[in-house]
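Comments concern the structure below.
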Amino acid sequence: MIDLTVLLKRESSVPLYSQLYHYIKKEILSGKLAAETRLPSIRSLSNHLHISRNTVDLAYQQLLAEGYVQSRPRSGLYINDLELESLPSSQFIRNKWLDSGVKSNSAIRYDFRYGDVDAEHFPLATWRKLSNQSLHQNEQSLFSYGDPLGEPQLRLEIAHYLHSSRGVNCSPDQIMVGAGIQYLIGVLSGLLGDVSNGIAMENPGYDGVRTIFEHKGINIHSIPLESDGLNIHKLYESKSRIVYITPSHQFPYGMVMPLSKRMQLLKWAADQNGIIIEDDYDSEFRYVGKPIPSLQSLDTHDRTVYLGTFSKCLLPSLRIAYMVLPQTLLDFHSKQDYRLYDQTVSRFHQKTLELFMKNGHWEAHIRKMRNVYRQKQFTLISLIQKMMGSQVTIIGQDAGLHILLRIHNGMDEDQLIATAEEEGVKVYPVSPFWAQRAQADKSMVQIGFGGLSNEDIIEGVNCLHCAWFG
């Protein structure tokens, strides 16, 4: 057994048990507390540190739950063998990550990755039942390739949903189903006609779409943002006639384009004989104010391509997204163009989703998940505000499944990420979203909260506070 001397900060907003837990965990991970070492008893450590037994017990219970220690009857708590000797030292790992951008995630406990969703609330029993039902009803027909545009009845359900929820005006014939937004953007790139003047994009913006355009050899005009979204004046100056935009929840900054600017953008499309590509990737999750109608629903000149996905509400692994094409594109390109592409989404999943929507499960699931994510977002925001206060600036907290966090402690992006990982927390860079990474904010990270429980969010923010502010 050893004695532990810990400098606990009683004036800190971080609970004493959490400070003690993080200290012992760090000592274990660094190898300073070796495997098979017996920890002090609860009574002796509480006396030694002049803290309550409950405080020590809570810290020990957390270590037990996470597998850092084991309890031996009538003997005490012993540190588990985590085979740390076979791993590089934490300083070596940190330096290697700073050099190559790659770091081992073996010690990551709380991953604030954007794109992860709350799988615990996925209606697995209902989905399994409907999947079995679709197989029983359509056993033979589902064995073929299916419609390249997607199953007709699923497209009908999507059309009904989009009209009721986002005001989108379309027929099922205008909808194309595909395995993710990036796939559909790749298809769309071949349907846009003349792209010699390039395509305009928000800067910063979604790097996944920028990559697709670049791979297609399309020149990209990076348009700066204003406080309410895309700079329309700079869009006119670009001379592009096509723009990709995320107006309902700008990615990654999170602002919502107001109605007045939406009307300006639609006027631009009419003036330029242009096309607007509206990515409505997570419009279901808005926490402040009333939802603004989609651009497509306001478009009286039929200039808008509308993109949506089921990844944020259901599961990313289902790989189901959709694209609503304006009649102007349908007129210029025969349906034969689309039928050159085999459908990329499983017919089984399409049929199951059709039944899921038709039987009312989809809208019920959205309502449930909106409440789930609202609570997680509240937990994240309120705890950051309580613990970090004016030391940080929260950006994009009105909607969606992520925020940006600007940290005022002198660290740059790499340092913020590296020090967070040393505390077992994974946060993500913002610089890839900029056309030129050097333009990015030097002290900002992205924090997604969809895939973490409320308890993990609390622990993760505690760890981030320790990492960044000591």
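Points to keep in mind about this one:
- Estimated 222 nm signal from helices in the chain, with DSSP H stretches of n ≥ 4 weighted -39500 (n - 2.57), rounded to 500: -12500 deg cm²/dmol
- Residue among Pro224, Gln264, Gly208 farthest towards the positive dipole end of the range 201-271, charges placed on Cβ: Gln264
- Enclosed volume per residue, in Å³, of the convex hull spanned by Cα atoms of the range 16-84: 79 Å³
- The range 139-359: antiparallel DSSP beta bridges as a percent of all, rounded to 5: 40 percent
- Between Leu142 and Arg72, the modelled label-to-label distance comes to 5.4 nm, taking each label 7 Å out from Cα in the direction of the beta carbon.
- The stretch between Leu7 and Asp398 holds 136.9 nm of extra length on full extension. This uses 0.36 nm per residue minus the Cα-Cα distance.
- Prolate/oblate/rounded call for the range 422-470, Cα gyration tensor, a/c under 1.5 rounded: oblate
- Selected from Gln397, Leu355, Gln327, residue furthest toward positive end of dipole (the chain; charges at beta carbon): Gln397
- Take every Cα pair under 8 Å whose residues are at least 6 apart in sequence, average their separation, divide by the length of the range 16-84, and the relative contact order is 41 percent.
- A protection proxy built from the mean count of other Cβ atoms within 10 Å ranks the segments 114-124, 51-61, 399-409, most packed first, as 399-409, 51-61, 114-124.
- Relative to the Cα centre, the charge distribution of the range 129-268, modelled as +1 at Lys and Arg Cβ and -1 at Asp and Glu Cβ, gives a dipole magnitude of about 360 debye.
- Pairwise Cα separations in the range 139-359 fall into 5 Å bins from 0 onward with the following percentages, short to long: 1, 7, 15, 20, 21, 17, 11, 5, 2, 1, 0, 0.
- Prolate/oblate/rounded label for the chain (Cα gyration tensor, a/c 1.5): prolate
- When each of Lys25/Lys426; Lys239/Lys442; Lys25/Lys442 is checked by Cα-Cα distance, pairs over 19 Å: Lys239/Lys442; Lys25/Lys442
- Dipole of the range 16-84, positive end: most advanced residue of Tyr68, His22, His48 [Cβ charges, Cα centre]: His48
- 18 Å Cα-Cα reach of Lys129 towards aspartates and glutamates, excluding residues that sit fewer than 8 places from it in its own chain: Glu120, Glu139, Glu354, Glu363
- Between Ser227 and Lys32, the contour length at 0.36 nm per residue exceeds the alpha carbon distance by 65.3 nm.
- For the range 139-359, a simple Cβ point-charge model (Lys and Arg +1, Asp and Glu -1, everything else neutral) yields a dipole of about 200 debye relative to the Cα centre.
- Straight-distance crosslink candidates among lysines, where the alpha carbon sits under 30 Å from Lys290 and sequence neighbours closer than 8 are dropped: Lys234, Lys261, Lys267, Lys312, Lys358, Lys368, Lys376, Lys386
- Straight Cα distances below 14 angstrom link Lys26 to the aspartates and glutamates Glu66, Glu421, Glu422, Glu423, with same-chain residues fewer than 8 positions distant left out.
- Dipole moment magnitude, nearest 20 debye, the range 16-84 about Cα centre, only Lys, Arg, Asp, Glu C-beta charged: 260 debye
Every number here is computed from the coordinates shown, using simple stated rules; none is lab data. A quick note: this is a predicted structure, and the numbers were derived from the prediction, not measured. Please note: Cβ atoms are built from the backbone with ideal geometry, for glycine as well, and neighbour counts cover all protein chains shown.
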